[in-house]
1. From the list 155, 171, exactly one residue is among the polar types (S, T, N, Q) and farther than 30 Å from residue 242 by Cα. Which is it?
2. Within the stretch 175-209, can you find the residues that are among the hydroxyl-bearing types (Ser, Thr, Tyr) and part of a helix (DSSP H, G or I)?
3. Just checking, which of 97, 117, 101, 74 is more than 14 Å from the ligand (Cβ to nearest atom), at pLDDT 95 or above and buried (at least 16 other Cβ atoms within 10 Å of the Cβ)?
4. Pick out the one residue from 11, 16 that is in contact with an Asp or Glu (Cβ under 7 Å, 6 or more places away or on another chain), under 22 Å from residue 239 (Cβ atoms) and open to solvent by less than 20 Å² (accessible area, probe 1.4 Å).
5. How many residues does the stretch 58-71 contain that are open to solvent by 30 Å² or more (accessible area, probe 1.4 Å) and either of a type in the set (S, T, N, Q) or within 19 Å of residue 141 (Cα to Cα) (or both)?
6. Looking at the stretch 120-143 only, could you name the residues that are within 12 Å of the ligand (Cβ to nearest atom) and open to solvent by less than 10 Å² (accessible area, probe 1.4 Å)?
7. Whether any residue in the stretch 78-90 is closer than 21 Å to residue 227 by Cβ, within 14 Å of the ligand (Cβ to nearest atom) and either in contact (Cβ under 8 Å) with a residue 40 or more places away in the chain or under 14 Å from the mean Cα position of the chain (by Cα) (or both) is what I want to check.
8. Take residue 212 and tell me if it is part of a helix (DSSP H, G or I) and farther than 23 Å from residue 59 by Cα.
Amino acid sequence: MTHIGVFDSGVGGLSVLREIHRHLPHIPTIYYADQVHLPYGQRQPDDIRQLVENAADFLIAHGAQVIVLACHTASAASLHELRARVAHIPIVGMEPAVKPAAERTQSGVIGVLTTSATAKSGLYRRVVERFAQHVRVITEPAPALVTLVESGMQNTPEGEAIMKGYLQPMNDAGADQIVLACTHFPFLADNLKRLTQAELIDPSAAVARQVARVLPGDFAPTSAPHLYYTSGDPDAFQQSVKALIGEAVRVNV
Ligand code: DGL
C-alpha cells in the first residue's frame, strides 16, 4: 500500500497533516513522530540529519512514496541531503514563510517565531537575505512553545505568560506579520491572536498544495486508513492527535 509519509519530531507536523487531509482527502498518509528525540530544535545539524535519515528509512519501509518533512528544523538541516540520498522519492520540506510576510508588511517590521536550530541555519539566513532585505526582521527562537504544544499546556496562565514573553519584542517593535516557522506553532494560533495584532503566517496549506503537485501519477485514491507511529508513548500520542486535529486513531508502535 502506498502512502504519503509525513514526518516531524513530534505533534507539530499534524498541522501540516491536517491540511494534507483537507486537500487530498482520499490519499492515505503515514505519520511518524520521533518524540523520543524531541526537541530537534535544540540539537546540532549533524545529529538532526542522522535522525531524519532514520525517519525517512522508516517511512519508506512502511510504504511511503512521497515524504513530507513537516518540520522546519528537519528541513533546514537535511532537506538537500535527503533529496540527494533518496532521489527516487519526491521530498517536500518546510521553508520559513519570510517571503509572504515581507511582501505583506505595512509597518516594515516582521517577526519570526522558530526553533534555535532553524534560526541558526543557512536556509534561514538565505531566506532572510533573499526576501527580507527591505524590512526589519525580529527572530525569536521559542523552544518553550514546542513544549507547550507537546504537553497540551497552551491554555494555562503559565502558557499565556510564555507566549506573551516571546511576542513582546515583536509587538513593541510594531511587527504586523508574524511567521510561524515551526510546525508546532499553528496549534497556538488562537492563543497568539489574543496577544498580538499582527497577522500570523502559517505555510501548511501551501505545503499541502505542493504535496498534491509532486504526487506520482499512479497514486490512486483509496479508503485505506491513515497510519500513525511514534517513537515515544503511543497512548499520549493518540490523545494528542485527538486533541489537536480531532481524529480518533490507533497509534502503531
Ligand atoms: N516541529 C519542529 C519544527 O517545525 C520543531 C520541534 C522541535 O524542536 O523538535 O521546527
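1. Checking each option against the conditions leaves just 171.
2. 204
3. Criteria check complete, one pass: 101.
4. Testing whether each residue is in contact with an Asp or Glu (Cβ under 7 Å, 6 or more places away or on another chain), under 22 Å from residue 239 (Cβ atoms) and open to solvent by less than 20 Å² (accessible area, probe 1.4 Å) leaves just 11.
5. 1
6. 142
7. No - not one qualifying residue is present in the stretch 78-90.
8. It is false that residue 212 is part of a helix (DSSP H, G or I) and farther than 23 Å from residue 59 by Cα.
The values are calculated or read from the model by the stated rules, or taken from the named source; none is laboratory data. Please read these numbers as outputs of a predicted model, since none were measured by experiment. Because the Cβ atoms are built from the backbone with ideal geometry, glycine has one as well, and the counts that use them run over all protein chains shown. Just so you know, the surface numbers come from the protein's heavy atoms only, side chains and all, with ligands and any DNA or RNA stripped out. Shrake-Rupley method; radii C 1.70, N 1.55, O 1.52, S 1.80 Å.
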